[in-house]
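The values are calculated or read from the model by the stated rules, or taken from the named source; none is laboratory data. Being a predicted model, the structure only gives us computed values, none of them experimental. Here Cβ is always computed from backbone atoms with ideal geometry, including for glycine, and neighbour counts include all displayed protein chains. Only protein heavy atoms, including side chains, enter the accessible area calculation; ligands, DNA and RNA are left aside. Shrake-Rupley method; radii C 1.70, N 1.55, O 1.52, S 1.80 Å.
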Amino acid sequence: MASLRIKNFGPVVDSTDIKLTPLMLLIGRQSSGKSTFMKVLCFCRWIEKKMMVSTDDIANQYTHDNRFIKELKVFYRLNEDYFNDKTELKYDGDVITIEYAGINGNAEIARKKSFAEKRYNSKLCYIPSERNLVSAIQNVDKTYKATERDVLFNFIYEWDEAKGPYTSEHPFRLAATGGFSYVNKSGADVLVREDGSETPAFYASSGMQSVMPMDVMTNYIAGCVGGNASLSMYERNEINKTDSQNASRRLVYQSAQLFIEEPEQNLYPESQKLVIMSIARSLKNALGKGSEQSMALITTHSPYVMSVVNVLLATAVAAEKGLVQDVIDKDYILPSSSISGYYIDEKGLFQNILDAEVPMLSGNELDGVSDWVDDCISRLNEILFV
């Protein structure tokens, strides 16, 4: 099981050793370090993917000239304030390890003994909170300018690939209230209602502009597992020539890696439920088709998201005991061991919020407002109804 630990990196003081599971939640206040942790993890997974697939010495490229940190900074738009002389990153991946310490040093990247036989190809995608840009700004692929390729530019680029299959003949039913489906009409993003009426995504509500790229992208990336990987003919020939015994593990996607910021953005609670259920279904499909662990890491502020994941967790436990009876369709049920959650406190420290005995993820830190409301209402009732 892969893991990551970061210390003294931006707002994160110590993440502890976080083991990666298929479905992970990160909760915490704004600027607590949720996205910071996710960005570092996504970057490490991407480096590992490049090393596993490439026929060149990628490791050597990222252990010189401070390239590891330079690219991390540029791609995720992190400034110098994130780093100090006590910064530590330790990534223990499937087939490599990455360590970085200090402020201006080089990363140390090492292949594990099992690298050659266990390396595989994976489909990665970082879905940022700014995802609505693809529909809120017309021709965003032409108007968004970045001096260097960053996470937003990359998402816009990947969106153009992901939306391709969802034509009028193959619409995609979106996980939101209102009965909308997504259709790619000659490159234009269109939302189609159940009565057949159409709305260009540019004129849709903020909620639909948020859910559309997230839901479509999640379904597409997860659906790539088991299919041929996007590689050049030269890369395919080199892989077949140098690694004929295990070539299929690199020529075919074996897992999907999704990193999703705030899926609840601009969504009604019912739609938040539908989105999380959709992610769970896509993730289960990917886990069933690939030989390696697919995963979805989600950052959230929403107690509804937490509650839906807890329903999935409880259903999984019941199913594993042979007790479940038509509570949730089996297409959404993941193994209970695949779900984990962490809270980042005001000191930048990570806390495991999974209570394995109940079982559930504790939402006390996320929904502290309810305690305040209950206290205020109780005191006001004493005043109003004396």
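Structure summary
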{"item": "Candidate set from region 246-266 (those that are touching a residue at least 60 places away in the same chain (Cβ under 8 Å) and in a loop (DSSP other than H, G, I, E, B)); member that is nearest to residue 2 (Cα to Cα)", "result": "246"}
{"item": "Selection count, region 131-163, where residues are within 21 Å of the chain's Cα centre (by Cα) and not β-branched (Val, Ile, Thr)", "result": "17"}
{"item": "Region 162-179 - residue that is touching a helix residue (DSSP H, G or I) at 6+ places or on another chain (Cβ under 8 Å) and closer than 27 Å to residue 124 by Cβ and, of those, surrounded by the most Cβ atoms within 10 Å (Cβ to Cβ)", "result": "175"}
{"item": "Scope region 55-105; condition under 26 Å from residue 247 (Cα atoms) and touching a residue at least 40 places away in the same chain (Cβ under 8 Å); matching residues", "result": "55, 59, 62, 91, 92, 93, 94, 95, 96, 98"}
{"item": "Residue match in region 318-333 (condition: in contact with a Ser or Thr (Cβ under 8 Å, 6 or more places away or on another chain) and under 24 Å from residue 40 (Cβ atoms))", "result": "no"}
{"item": "Condition check for residue 327: over 24 Å from residue 2 (Cα atoms), β-branched (Val, Ile, Thr) and touching a helix residue (DSSP H, G or I) at 6+ places or on another chain (Cβ under 6 Å)", "result": "yes"}
{"item": "Scan of region 276-295 for residues that are in a helix (DSSP H, G or I) and either more than 13 Å from the chain's Cα centre (by Cα) or without any contact (Cβ under 8 Å) to a residue 60 or more places away in the chain (or both), ordered by number", "result": "276, 277, 278, 281, 284, 285, 286, 287, 288, 289"}
{"item": "Count of region 55-70 residues which are of a type in the set (D, E, K, R) and within 26 Å of the chain's Cα centre (by Cα)", "result": "2"}
{"item": "Count - residues of region 299-331 that are in a helix (DSSP H, G or I), within 20 Å of the chain's Cα centre (by Cα) and of a type in the set (S, T, N, Q)", "result": "2"}
{"item": "Flag if residue 108 is open to solvent by 60 Å² or more (accessible area, probe 1.4 Å) and touching a Lys or Arg at 6+ places or on another chain (Cβ under 9 Å)", "result": "no"}
{"item": "Qualifying residue in region 194-212 (condition: within 30 Å of residue 250 (Cα to Cα) and surrounded by fewer than 19 Cβ atoms within 10 Å (Cβ to Cβ))", "result": "no"}
{"item": "Every residue from region 339-366 that is open to solvent by less than 60 Å² (accessible area, probe 1.4 Å) and in a loop (DSSP other than H, G, I, E, B)", "result": "345, 348, 353, 359, 362, 363, 366"}
{"item": "Any hit, region 133-142, residues being in contact (Cβ under 8 Å) with a residue 24 or more places away in the chain, in contact with an Asp or Glu (Cβ under 9 Å, 6 or more places away or on another chain) and in a loop (DSSP other than H, G, I, E, B)", "result": "no"}
{"item": "The one condition in (1) surrounded by 15 or more Cβ atoms within 10 Å (Cβ to Cβ); (2) small (Gly, Ala, Ser); (3) at pLDDT 90 or above that residue 114 fails to fulfil", "result": "(1)"}
{"item": "Cβ pairs under 8 Å, 6+ apart, first in region 334-350 and within 15 Å of residue 8 (Cβ to Cβ), second of a type in the set (S, T, N, Q) and surrounded by fewer than 19 Cβ atoms within 10 Å (Cβ to Cβ)", "result": "344/351; 349/16; 350/16"}
{"item": "Within region 8-95, strands (runs of 3 or more DSSP E) holding 2 or more residues that are of a type in the set (D, E, K, R), open to solvent by 10 Å² or more (accessible area, probe 1.4 Å) and out of contact with any Pro (no Cβ under 8 Å at 6 or more places or on another chain)", "result": "88-92"}
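The rows are residues; the columns are (1) modelled with pLDDT under 95; (2) open to solvent by 10 Å² or more (accessible area, probe 1.4 Å); (3) closer than 22 Å to residue 42 by Cβ; (4) of a type outside the set (Asp, Glu).
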{"site": "250", "(1), (2), (3), (4)": "yes, no, yes, yes"}
{"site": "266", "(1), (2), (3), (4)": "yes, yes, no, yes"}
{"site": "269", "(1), (2), (3), (4)": "yes, yes, no, yes"}
{"site": "279", "(1), (2), (3), (4)": "no, no, yes, yes"}
{"site": "283", "(1), (2), (3), (4)": "no, no, yes, yes"}
{"site": "287", "(1), (2), (3), (4)": "no, yes, yes, yes"}
